[in-house]
Amino acid sequence: MPLTATGKDDVFVGRIRRDYSVENGINFICVSDNTRKGAALNAIQILEYVIEHK
């Protein structure tokens with residue numbers, strides 16, 4: 001549930017099901033704190049990489 005992901009860096013995956021519309025397909029629900037993981041954490045990880053490989 002989205003409330004579970006609020007304030008966390010983790011990305012949660014659930015309700016994994018076979019997708020019969022394509023060969024070897026799956027369907028799943030994925031939730032995360034988009035502001036935290038999508039913007040803030042990625043920016044920090046890029047900065048850490050740049051500093052480490054400078």
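The values are calculated or read from the model by the stated rules, or taken from the named source; none is laboratory data. All figures in this text were calculated on a predicted structure; none of them were measured in a lab. Here the Cβ positions follow ideal geometry from the backbone for every residue, glycine too, while neighbour counts run over all protein chains shown. These accessible areas exclude ligands, DNA and RNA; they are computed on the full protein's heavy atoms, side chains included. Shrake-Rupley method; radii C 1.70, N 1.55, O 1.52, S 1.80 Å.
Only a single item in (1) polar (S, T, N, Q); (2) modelled with pLDDT of 90 or more; (3) assigned to a helix (DSSP H, G or I) is not met by residue 42, and it is number (2). Do you know which residues across segment 4-26 are open to solvent by 90 Å² or more (accessible area, probe 1.4 Å), in a strand (DSSP E or B) and more than 27 Å from residue 36 (Cβ to Cβ)? Within segment 4-26, 17, 18 qualify.
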